[in-house]
Every structure is written in C-alpha cells, then in structure tokens.
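Working notes, beginning with the structure itself.
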Amino acid sequence: MKSSLLSFFTALRKIDFSKWSILFVLAFVIIYAIEFGFYKRQDRVIASDVIHYYAYLPAAVIYKDLSLDFVYEDPGHFSKMFWPVKAPNGKHAFMVTMGMSILYAPAFFLTHAIVSISGGDTSGFSEPYRLGLVIMGWVYLFLALLMLRKVLLRYFSKNATALSLIMVVIGTNLFHYATAETTMSHQYSFFLFSAFLLLTIQWHEKPRLSKAILLGFVGALITLVRPSNVLIGLIFVFWETGSFSGIAEKLRIFRKHYRSVILIVISAIIVWIPQFVYWKVYTGSWFFLGYGDNGASFFFDNPQIINNLFSYRKGWLVYTPLMVFAFVGITVLWKQKRGIAVPIVIYTLFNVYLVSSWWSWWYGGGFGMRAYVETYAIYALGFAAFVDWVLKSKLLVKIPILLLVFALVGFSYFQTRQYYWGAIHYVGMTKEAYWHQFLKLKPYGDYYKKLTIPDMDKARKGIYVFEPVE
C-alpha cells in the first residue's frame, strides 16, 4: 500500500500542471460560452463597441467603400451595422482606430471565403461571421496563455505557474470577456500584452534586431487597438531597473543597442501608417479624434481613483478581489526580483491615474472594471510570485491561504454568473444593490429600485450625478 501511494505521488510530481492548466482554462471557457450560445444571438458578438471596432473590414471588403457613403444610401438597412461619426471636413469616418479590425482579419477573411463558396449570407454580420470572431478570440487567448506560461516559468515553479494562469483567467473578469463578450478589445489586448511582455524579456536577454522589430510591431498594435495603452512602453523602458544605478545602466544599454531601439520606433511607425493615411484621405487631417464628437475627454485634475478601484458601481477590487493577491505578489517581487517589480509599480501608478481620469471612469457597460483586463498579463507575475511564496510556506500558512484563493476564484465565477442574470447591473450598481444581491444568483425583491444610472451629459463635463432607475 505504501509503495503504491509512493508511486502515485512520484508520478504526480512529474506531471507538468502548467501545460494542463492551459487546456483546463481553455476548455472551461469554451464549454461555458457554448452552454450560453452567445454567438447565436444577433444582439451579441458584433454589438456595442464592437460595431466600431469591426466596421473597417465589411466596409472595405464587402461594401468596398471606406467613405461609408453606402450607409446613408440605405440608412434603414445599415444603421444597426455601422455607426460613422462626422469629421471636421464634413465627411464621415470610423470613430475608432483600426487595431481591432487587424486582429479580427484572419477570422473575417477565412469566414468570408467559406460563406462565399457555400452560398451563405455574405453581409459580414451573419452567424458564421460571429462564430468566426468568437473562435478567433479563443485562439488569441490560447496563444496568450502559452506566452504567459513561457514568461512565468522563467522565474517560478510549474505549480505556481499553473495556478497563476487559472487565477488570471477564471479568477478575474477576463473570464467574462473570454466567454460572453469575446469580441470586445480586452481579450485581444490581453494577447498583445502577453506578447509584449515576452518580447521585452527576450530583448533584454539578447537584444536581437528581430526582437526589436516585433516589439515595435506589437507595441504599435497595442496602441492601435487602444491608444491610451501606450503606457505599456514603461514596462520595456524600466525592465530590470531596480535602482537609480539601474537607470544609468539601462541608458547605457539603450545607447549600446541604439540601432535596435531605432528599429522599434520605425516598425511602430510603419504599423500606424495605414491609419494616418486613412485619416488624411477621409477626414482631411493626419490625426482624427473620433471620440471628440461625443465631448469625451480626460479630467487629469479630477481623477476618480477611489471610485475606480473601490466603488460598488464598477470598482476594480470589488469585482476582481483576487487582484489583491497580485499586489501582494508584487511586494514579494520587490524583495526578491526588484528589476521586475519596479517597472510593474511604475506602470501601475501611471495607468491607474490615466484610467481613473477618463470622463466615464466606470467605462460604460460591462462586468467589473474592464479597462484593466489586458493588464492581467503583467499582473500574472504578481500572482505567480504570491503563489510561489505560498507554496513554499509552512502547511499552517499554505492551506488556509490556498483555500481562500480557490474561494475567491469561485466567487469571481459566481459574480460572472450574477452579471449574466442581471443580479449585477452593467452600470447601475450601488452599495445597497450589491449587498441586496450578495450571493443571490438572480435579481429579486426591490433590487432595481436600489440602482442608479449616471447622467452622461454631465459626466462628459466631469460632473458625476447618478439618478435612480425609472
């Protein structure tokens, strides 16, 4: 009996759970998404912000008109598919940059080819296109997890890596954006952040020109999806900079490999050229702020940091409480691997300030504080450092903390289900509504009377007023 148990535990130790965790996460995501069949619904997948993100592709390939004039020739038909904005020159243009359309492109072109050959609906918005985009999102998630695993295994054990990957996806609101809102930008940006992090590490290990080109390409694509994510560059600039002397050393490295640094900049500019050309041709300007018509802006003199992090409406740590462990892990990194901790801390400070300064600090509809979802690729290092520390701790410390971790992963999953059923409102949550629905899967009682909705017109002016739901 003892021999059999010994053999079992010996075999168990040889299993690489970091590989199996990726398959587990991916299977969990796909099964959940198929169960609810979001891609089958016309009001999902290509909806809300995705209508803006996706519009470049059908307009260019199917309707062959990037001026969007065709929309106004038959507004009754196209008004739900395309939402152009007016440029200063009087012409119409896409509100957002083309980054997401680039990421959607492989799925779009493959689906369009299949549907065209089979004689199906080639409008660009039928179910095959929606399913193609959903599957593409899962491919990006799979690639992101592969790259993150590669990053984490450089510094942490396989078991710490495995648990961290599960925490990053299932234990955060990334799970929602990998299942219910797969085509929103966050899962795709999570992939790009993972790639940028891996390339940053590889470049610092060996500053090859090929890595420089890829860094410029990925970094530019990150900003082409969401310009404010330009702050990801801080991770590259301060990587392995753990002190003031480290800053001087980093400057020396940049001078020594100046060709590589120049290549990063040039490749980034090349990625942006199609966008600049589009803006110049169709808006008359080399730069066009599509959100301008909505009066949207940042209020840097009035950042809503406390609300952004802790409010019941959308607070990051309220709806993703597991993130606290990532921050604890960063303190562990600060003691053990300061060259990793410093860039994460610098990035976090600047990013939280920027995200909290946006006029809509709750970031519209969605589950939790969605503006941070892509950053989980970076905070995976914090999760792994925390888990690694826990696994090396005494049993009396290890067991209760791991139980708490699993409980919070389960709680995050439960909150995702609450959001699906409406027990967590997409924008109207209050303290009263949250505790009224705490651990209740579906809305009940006078829940809706406890919700409040923001006054959007006043919010665009930096004045935050919330009215009861009528």
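Of all residues assigned to the stretch 224-240, at least one qualifies as being outside any helix (DSSP H, G or I), touching a Gly at 6+ places or on another chain (Cβ under 9 Å) and farther than 28 Å from LEU103 by Cα.
None of TYR278, TYR291 is in contact with a Leu (Cβ under 8 Å, 6 or more places away or on another chain), within 30 Å of LYS91 (Cα to Cα) and not in a loop (DSSP other than H, G, I, E, B) except TYR278. Pairs linking a residue in the stretch 95-124 that is free of Cβ contacts under 8 Å to residues at least 24 places away in the same chain to a residue that is crowded, with 22+ Cβ neighbours inside 10 Å and among the hydroxyl-bearing types (Ser, Thr, Tyr), with Cβ atoms under 8 Å and 6 or more positions apart or on different chains, are THR111/TYR129; VAL115/TYR129. For the condition at pLDDT 95 or above, under 17 Å from SER357 (Cβ atoms), buried (at least 19 other Cβ atoms within 10 Å of the Cβ) and touching a Phe, Trp or Tyr at 6+ places or on another chain (Cβ under 7 Å), TRP279 does not qualify.
Residue-level check: of (1) touching a residue at least 60 places away in the same chain (Cβ under 8 Å); (2) in a helix (DSSP H, G or I), ILE31 misses just (1).
Does TYR347 satisfy being within 24 Å of GLN202 (Cβ to Cβ), modelled with pLDDT of 95 or more and under 15 Å from the mean Cα position of the chain (by Cα)?
On the way: within 24 Å of GLN202 (Cβ to Cβ): yes; modelled with pLDDT of 95 or more: yes; under 15 Å from the mean Cα position of the chain (by Cα): no.
Spelling it out, it is not the case that TYR347 is within 24 Å of GLN202 (Cβ to Cβ), modelled with pLDDT of 95 or more and under 15 Å from the mean Cα position of the chain (by Cα).
Being outside any loop (DSSP other than H, G, I, E, B), among the aliphatic types (A, V, I, L, M) and at pLDDT 90 or above is a property that holds for LEU26.
Can you go through ILE463, ILE453 and tell me which one is aliphatic (A, V, I, L, M), in a loop (DSSP other than H, G, I, E, B) and either over 30 Å from PHE28 (Cα atoms) or in contact with a helix residue (DSSP H, G or I) (Cβ under 8 Å, 6 or more places away or on another chain) (or both)? Let's see the steps before the verdict.
Numbers: ILE453 fails: in a loop (DSSP other than H, G, I, E, B).
Answer to the selection: ILE463.
Selection over the stretch 181-191 of residues that are assigned to a helix (DSSP H, G or I) and more than 17 Å from LEU148 (Cα to Cα) gives a count of 1. The numbered conditions (1) surrounded by fewer than 19 Cβ atoms within 10 Å (Cβ to Cβ); (2) modelled with pLDDT of 95 or more are all true for ILE253 except (2).
Does ALA371 satisfy the criteria of being within 17 Å of the chain's Cα centre (by Cα), buried (at least 23 other Cβ atoms within 10 Å of the Cβ) and either at pLDDT 95 or above or of a type in the set (Asp, Glu) (or both)? Break it down into steps so the answer makes sense when it comes.
On the way: within 17 Å of the chain's Cα centre (by Cα): yes; buried (at least 23 other Cβ atoms within 10 Å of the Cβ): yes; either at pLDDT 95 or above or of a type in the set (Asp, Glu) (or both): yes.
Against the criterion (within 17 Å of the chain's Cα centre (by Cα), buried (at least 23 other Cβ atoms within 10 Å of the Cβ) and either at pLDDT 95 or above or of a type in the set (Asp, Glu) (or both)), ALA371 qualifies.
Among the residues of the stretch 141-164, is there at least one that is of a type in the set (A, V, I, L, M), closer than 21 Å to LEU381 by Cα and in contact with a Gly (Cβ under 9 Å, 6 or more places away or on another chain)? No. Selection of the stretch 37-54 for residues being surrounded by 14 or more Cβ atoms within 10 Å (Cβ to Cβ) and outside any loop (DSSP other than H, G, I, E, B) yields PHE38, TYR39, ASP49, VAL50, ILE51, HIS52, TYR53, TYR54. Among the residues of the stretch 399-450, those identified as without any contact (Cβ under 8 Å) to a residue 40 or more places away in the chain, part of a loop (DSSP other than H, G, I, E, B) and surrounded by fewer than 19 Cβ atoms within 10 Å (Cβ to Cβ) are GLY422, PHE438, LEU439, LYS440, LEU441, LYS442, PRO443, TYR444, GLY445, ASP446. The residues on offer are TYR129, TYR104, TYR63, and the sole one that is buried (at least 16 other Cβ atoms within 10 Å of the Cβ) and more than 28 Å from PHE190 (Cα to Cα) is TYR63. So is VAL218 among the aliphatic types (A, V, I, L, M), in a helix (DSSP H, G or I), buried (at least 18 other Cβ atoms within 10 Å of the Cβ) and modelled with pLDDT of 95 or more or not? So VAL218 passes the test. What residue, among those in the stretch 176-199 that are under 16 Å from TYR376 (Cα atoms) and touching a Phe, Trp or Tyr at 6+ places or on another chain (Cβ under 6 Å), is surrounded by the fewest Cβ atoms within 10 Å (Cβ to Cβ)? Applying the filter and picking the extreme gives MET184. SER194 falls short of the stated requirement of being part of a helix (DSSP H, G or I) and at pLDDT below 95.
The values are calculated or read from the model by the stated rules, or taken from the named source; none is laboratory data. Values in this document were obtained by computation on a predicted structure and should not be read as measured data. Using ideal geometry, Cβ is built from the backbone for each residue, glycine included, and neighbour counts are taken over all protein chains shown.
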